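Only one structure is covered here, and it is reproduced in the block below.
Bear in mind these aren't lab numbers, they're just calculated from the coordinates by the rules spelled out. The shown structure was predicted, so the numbers you read here are calculated from the model rather than taken from an experiment. A quick note on method: Cβ atoms are made from the backbone with ideal geometry, for glycine too, and the neighbour counts reach across all protein chains shown.
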Amino acid sequence: MGATGQYLSIACVFAALGALSVTAASRSRGAEDVLVTNDLLGHRGGTITIALRSEPKTINPVLATDTSSLGVIYCMGADLIHINRETQRTEPALAKSWNMSHDGRTYTLQLRRGIRFSDGQPFDADDVIFSFKVYLDEDTHSPQRDLLVVGGKPISVEKVDDYTVRFGLPQPYAAAERLFDGFPILPKHLLEASYKSGSITQAWSVSTPPGQFAGLGPFRLKEYVPGERIVLERNPYYWKRDSAGNQLPYVDGLTFLFVPSEDAQVIRFLSGETDILSRFSAENFAALERQQSAKGYRTYDLGPGLEYNFLFFNLNDLSSVNLPEIAKKQVWFRDLRFREAVSAAIDRDAIVRLIFQGRAAPLTSQVTPGNKLWVDSALPPALHSPDRARELLKSAGFSWKSDGSLVDQRGNAVEFSILTSSSNAQRAKMATIIQDDLNKLGMNVHVVSLDFGATVDRLLNTFDYEAAISGLADGDADPNTEMNVWLSTGGMHIWHINESHPATPWETELDRLMNEQLVTLNYAKRKQLYDRVQQIVAQQLPMICLVSPDILVGAKDRVGNFHPANLDPYVLWNIDSIYVN
Amino acid sequence: MLLAGLHVPILLAGFFAPYSFSEQNRDRPFAPPSRIHFVDANGVFHARPFVYGLKDDPNTIGAFVVDMQRTIPLHFFVRGSSYRLVGLFPARMHLFGVSEPERIYLMGTDGYGRDQFSRFVYGGQISLAAGIVAAAISLLFGALIGGISGFYGGGVDNLVMRGGDLFLALPWLYLLFAVRATLPLHVAQWQVFLLLVAVIGLIGWARPARLIRGVVLSAKERDFVAAARGFGASDFYLLRRHVLPQTYGVVFTQMTLLIPQYVLAEVTLTFLGLGVGEPMPSWGSLLASLQQYYVLSSYWWMFLPAVLLIPLFLAYFWTADALQEHLKSVPL
């Protein structure tokens with residue numbers, strides 16, 4: 001309401017200047033559906049500088065997959081329905097309201113009226129229809145397309161009127177409104193020509209002249225200096241206002257510097273070159289925390305994010321590949337008591353303390369305490385007891401030789417290797433701790449660290465590994481993003497890939513639970529189903545979940561309205577409300 | 001001699017190191033070095049040296065301060081964890097130690113609470129051996145190929161040197177990826193060692209070969225070589241007796257330069273899964289941890305391995321110098 005008042009007073013000023021301009025101004029501005037935020041009032045001006053780990057590969061939302069590109073695009077685009085990274089719930093964005101049909105298969109979205117792209121051109125339903133046509137077109141090969149395919153069929157989009165669109169889902173789909181986050185609306189007037197000529201994938205590279213680019217986000221492209229920085233400026237047509245009616249964003253510009261390593265980013269932040277430091281390791285946190293009052297910045301520990309790290313054994317069906325040594329060891333790996341013993345032997349608290357300086361959470365299941373809406377808090381913490389581990393091994397027929405080494409029933413020494421990727425230092429360190437824990441049980445465990453590509457190839461294609469440590473992190477907190485991990489047919493069902501039918505009764509149950517939660521619209525019922533999934537993971541241990549690192553960020557004291565969240569993009573998500581003192 | 005003094009502890013690592021290189025003390029990550037004292041806080045002199053215990057720093061989580069209340073006397077020739085001397089003889093005797101459950105960390109501990117001193121001493125075994133053997137291999141190949149190339153000149157020279165250029169231009173990183181992919185998942189320790197030596201040594205021959213070729217080129221034009229040739233000396237005799245001895249200077253300097261370089265090359269290979277993996281220490285991996293900002297800024301004792309390596313490599317350099325002088329004084 002404050003916003004309307006502000007426009008009236010603007011109109012009054014115009015009235016004093018000339019009658020003709022008054023009518024024009026009040027008509028267009030009065031019809032604008034702005035979104036009013038509740039954040040603390042800031043003030044206009046200043047710029048913010050942030051470092052990116054790598055140079056963005058593109059600013060085309062249809063193609064982007066790397067974190068840097070997605071971060072820059074996030075600041076220049078807007079989606080229909082947005083996930084508030086702080087509450088983890090959906091909230092209106094370009095769609096000011098929406099409703100779902102009773103069968104959960106039709107969503108009708110009311111769009112904001114009278115708002116404009118960053119080049120001043122108006123936004124309406126045609127842009128929405130065009131955007132989803134592009135995202136859904138198989139020929140554009142958009143990596144996000146899969147998210148819009150529900151039950152094997154793409155969702156449908158239809159224009160009802162200039163400011164109403166209807167989305168049809170092939171089957172009921174829980175939390176479907178969360179799908180819209182991450183699909184920035186494209187300007188039809190700028191991209192239709194290149195889409196029709198089939199060259200949309202070449203449009204909007206980082207070197208695109210700023211005039212050819214437009215979005216609905218708080219910032220627009222100003223300058224790109226290869227190898228150095230990308231500079232954004234405020235979008236004068238942005239559709240959000242603060243509670244006093246001031247147009248957002250507050251800051252005039254946003255600069256992303258390309259700084260390739262974390263240590264270099266920390267040094268740049270300390271020297272004052274950057275204002276915000278996004279995601280750094282716990283070791284650096286301790287070093288930064290000590291100097292924070294002297295240097296005028298603050299560090300924030302936001303608690304665990306969504307990333308979960310886990311140890312798992314190769315349970316793949318190896319009959320089609322020639323790996324007899326590993327197949328022999330699978331007799332141990334398939335024995336639940338063996339996996340339980342390994343889990344009980346692992347000192348998760350030591351991992352938290354030694355690798356993360358206490359800034360991580362030990363895990364029982366795949367859902368981290370940072371996932372507020374979905375974590376099953378009734379699940380007991382993972383047990384650490386070497387004695388229990390020995391009991392379990394004994395009951396599974398293992399015994400110890402006089403020198404303390406463990407042998408199985410047939411007298412074979414228990415020896416296996418743990419594979420990690422050497423590009424993730426923290427996982428390699430976890431392997432060193434777990435190796436020590438398991439060696440104490442009499443197992444002869446080796447750590448093999450290979451480069452990222454070779455590791456992935458062994459895990460997903462050749463299955464030439466025995467055990468491995470890996471981690472997964474989703475963009476969203478919703479269980480739907482985990483479908484490909486827990487379904488026995490899923491591409492990231494990492495301990496046993498490409499199962500033709502579930503190999504175990506509990507995998508059958510996981511399939512049923514995951515498929516059922518997908519079509520259950522009631523949150524409480526879905527939560528029950530997903531709690532059961534977490535229980536199965538904790539009991540059957542297909543993945544022995546280890547720890548989830550805290551999200552650690554920092555910002556200068558002069559940055560106002562800094563509300564980092566433990567969901568990606570951690571510090572940028574409310575960039576439109578951030579101001580500079 | 002200094003060099004021997006440095007090598008004996010490394011060869012007899014198990015005896016000189018108070019602890020095993022892999023023993024983790026998870027309550028003491030990044031513990032600072034224990035300082036050896038003779039005079040305690042009350043000014044009393046102790047004939048037997050002692051160290052103070054550590055306690056948790058009340059002001060900073062995860063940091064330790066010296067506990068002046070606990071004096072821990074140092075003992076010599078103590079029985080501790082078992083090891084194999086020179087890889088053969090089982091033993092339990094250590095040069096020094098303190099009584100359990102206290103610990104002495106002469107160079108502090110790393111992030112897992114492992115004794116840095118023990119890791120340094122053990123790490124030297126694999127790093128030095130790999131460095132020396134690999135440097136010897138690459139110099140041997142280098143001298144042989146460079147010598148032939150320089151001595152015969154012309155077509156042979158062209159062929160060999162262009163071959164060397166090709167060798168230098170190969171994308172080694174990708175070749176090593178490929179090598180690793182063909183190997184089994186877990187490679188035994190001694191195989192890793194041989195592999196390391198072979199890879200480092202074979203990659204490295206081309207540069208020394210060029211240098212040696214240059215020396216040989218000028219050496220074979222010297223008057224006394226020409227004279228010997230005039231008297232009907234065979235190629236082999238000329239090479240062995242007159243030409244190659246003149247390259248010794250270059251070879252020794254190269255050796256002193258290559259050994260430190262190869263000790264560090266091990267870090268890259270470890271990253272590719274071709275080096276010694278955890279928990280085996282190597283000097284390369286001890287130095288690699290210094291690349292992290294927090295280590296540099298917070299734990300000064302992590303520098304100690306680097307500081308200790310300086311006199312070692314200097315000793316190599318001096319030895320090479322001395323050898324060269326010695327060779328010069330011997331008449332050809």
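Set Lys and Arg Cβ to +1 and Asp and Glu Cβ to -1, take the dipole of the range A:124-167 about its Cα centre, and tell me which of A:ILE129, A:PRO143, A:VAL160 lies farthest positive.
A:PRO143
Just to be sure I understand the model, the point goes 7 Å from the Cα along the line to the Cβ. What's the resulting A:THR67 to A:HIS102 distance in nm?
4.7 nm
By average Cβ neighbour count within 10 Å, what is the ranking of A:454-461, A:570-577, B:220-227, B:118-125 from highest down? Present the calculation step by step, with values, prior to reporting the outcome.
Numbers: A:454-461: 17.0, A:570-577: 23.0, B:220-227: 12.6, B:118-125: 25.0.
So the peptides A:454-461, A:570-577, B:220-227, B:118-125, ranked by packing, come out B:118-125, A:570-577, A:454-461, B:220-227.
How would A:MET492, B:MET302 line up from fewest to most surrounding beta-carbon atoms within 10 angstrom?
Details: A:MET492 15, B:MET302 22.
Ascending Cβ contact count within 10 Å gives the list A:MET492, B:MET302.
Please state the relative contact order of chain A as a whole percent: Cα pairs under 8 Å, 6+ residues apart? Before the final figure, lay out the partial values.
Numbers: 1149 pairs, mean separation 110.1, N = 581.
Contact order relative to length: 19 percent.
In a shell of Cβ-Cβ distance under 12 Å around A:GLY296, excluding A:GLY296 itself, what net charge do Lys and Arg (+1) and Asp and Glu (-1) give? Present the calculation step by step, with values, prior to reporting the outcome.
Numbers: positive: A:LYS295, A:ARG298, A:LYS556, A:ARG558; negative: A:ASP275, A:ASP557.
Around A:GLY296, the surrounding residues sum to +2.
If you place +1 on the Cβ of every Lys and Arg, -1 on the Cβ of every Asp and Glu, and leave all else neutral, what size is the dipole of the protein assembly as shown about its Cα centre, to the nearest 20 Debye? If you can, show how the numbers build up before the last one.
Numbers: 79 positive and 87 negative charges, 308 e Å.
Approximately 1480 debye in magnitude.
Just tell me how shielded A:419-431 is by partners: mean number of partner chain Cβ atoms within 10 Å of each residue's Cβ, no decimals. Show your work: numbers first, answer last.
Details: counts 3, 3, 1, 5, 1, 0, 2, 0, 0, 3, 3, 0, 2.
Going residue by residue through A:419-431 and averaging, the value is 2.
Determine the shape class of the range A:488-581: with a ≥ b ≥ c the square roots of the Cα gyration tensor eigenvalues, call it rounded for a/c under 1.5, and otherwise prolate if a/b is greater than b/c, oblate otherwise. The partial results should precede the final answer.
Values: a/c = 3.18, a/b = 2.33, b/c = 1.36.
Prolate shape, in that a/c is at least 1.5 and a/b is the bigger ratio.
Give me the percent of DSSP beta bridges within chain A that run antiparallel, rounded to the nearest 5. Walk me through the intermediate numbers first.
Values: 57 of 75 bridges.
So the antiparallel bridges in chain A amount to around 75 percent.
By how many degrees, between 0 and 90 and to the nearest 10, does the Cα long axis of helix B:2-11 differ from the longest principal axis of chain B?
Once rounded, one gets 70 degrees.
Suppose a student asked you for the relative contact order of chain B, using Cα pairs under 8 Å spaced at least 6 residues apart; what percent would you report?
Working: 469 pairs, mean separation 65.3, N = 332.
Reported as a whole number, the value is 20 percent.
Along the positive direction of the dipole of the range B:122-329 (beta-carbon charges: Lys, Arg +1; Asp, Glu -1; about the Cα centre), which of B:THR270, B:ALA219, B:VAL133 reaches farthest?
B:ALA219
Let me know the mean shielding of B:288-299 by other chains, meaning the per-residue number of their Cβ atoms within 10 Å of its Cβ. Don't skip to the end; give the middle numbers.
Numbers: counts 0, 1, 0, 2, 9, 14, 13, 3, 2, 11, 5, 2.
If you average over the peptide's residues, the count of other-chain Cβ atoms is 5.
Would you please put A:242-251, B:29-38 in order of how densely packed they are, using the mean number of other Cβ atoms within 10 angstrom per residue and starting with the highest?
Details: A:242-251: 20.7, B:29-38: 17.3.
For the peptides A:242-251, B:29-38, the packing ranking is A:242-251, B:29-38.
Tell me the relative contact order for the range B:2-114 as a rounded percent, counting alpha carbon contacts under 8 Å between residues six or more apart. Spell out each step's value before the answer.
Working: 195 pairs, mean separation 40.5, N = 113.
With pairs under 8 Å counted, the relative contact order is 36 percent.
Roughly how many Å is it from the Cα centre of the range B:267-332 to that of the range A:111-146, as a whole number?
Using only Cα atoms, the two centres lie 58 Å from each other.
Compute, for the range B:1-104, the length of the dipole vector about the Cα centre, with Cβ point charges of +1 (Lys, Arg) and -1 (Asp, Glu) only. Units Debye, rounded to 20.
On the way: 10 positive and 8 negative charges, 62 e Å.
It works out to roughly 300 debye.
Name the most mobile residue of B:GLY277, B:GLY214, B:GLY230, meaning the one with the largest mean-square fluctuation, in a Gaussian network model of chain B with Cα contacts below 10 Å.
B:GLY230
Could you tell me which residue out of A:GLY303, A:VAL456, A:THR106 lies farthest along the dipole of chain A toward its positive end? Charges go on the beta carbon: Lys and Arg +1, Asp and Glu -1, centred on the Cα centre.
Of the listed residues, the answer is A:GLY303.
Can you tell me the alpha carbon radius of gyration of the range A:192-256 divided by the globular rule-of-thumb value 2.2 N^0.38 Å?
Numbers: Rg = 14.4 Å, N = 65, 2.2 N^0.38 = 10.7 Å.
Expressed relative to 2.2 N^0.38 Å, the Cα Rg reads 1.34.
Rounded to the nearest 10 degrees, what's the angle between the helix A:125-136 long axis and the longest principal axis of chain A, both from Cα atoms, 0 to 90?
The two axes meet at around 30 degrees.
Taking a ≥ b ≥ c as the square roots of the eigenvalues of the Cα gyration tensor of the range A:85-204, is the shape rounded (a/c under 1.5), prolate (a/b larger than b/c) or oblate?
Values: a/c = 1.68, a/b = 1.23, b/c = 1.37.
Oblate, because a/c is 1.5 or more while a/b does not exceed b/c.
Just counting partner chain Cβ atoms within 10 Å, what average do the residues of peptide B:24-30 show around their Cβ?
Values: counts 9, 0, 8, 3, 0, 5, 4.
Taking the mean over all residues of the peptide, I get 4.
To the nearest 20 debye, what is the magnitude of the charge dipole of the range B:122-329 about its Cα centre, counting +1 on the Cβ of each Lys and Arg and -1 on the Cβ of each Asp and Glu?
Values: 11 positive and 9 negative charges, 83 e Å.
Dipole size: approximately 400 debye.
For helix A:386-395, report the angle its Cα long axis makes with the longest principal axis of the Cα atoms of chain A; keep it between 0 and 90° and round to the nearest 10°.
Between helix and principal axis, roughly 60 degrees.
Mind running the shape call on chain B? Use the C-alpha gyration tensor, a ≥ b ≥ c as the square roots of the eigenvalues: rounded below 1.5 for a/c, prolate if a/b tops b/c, oblate otherwise.
Numbers: a/c = 2.90, a/b = 2.04, b/c = 1.42.
Prolate is the answer for chain B, as a/c is 1.5 or above and a/b outweighs b/c.
Taking the inverse of the average 1/r across all pairs of different Cα atoms in the protein assembly as shown, what Kirkwood radius in Å do you get? The partial results should precede the final answer.
On the way: mean 1/r = 0.0311 Å⁻¹.
For the protein assembly as shown, inverting the mean 1/r across all distinct Cα pairs yields 32.1 Å.
Work through the residues other than A:ARG166 whose Cβ is under 12 Å from its Cβ and net out their charges, Lys, Arg +1 and Asp, Glu -1. Don't jump to the answer; show the numbers that get you there.
Values: positive: A:ARG105, A:LYS159; negative: A:GLU158, A:ASP161.
Summing Lys and Arg as +1 and Asp and Glu as -1 gives 0.
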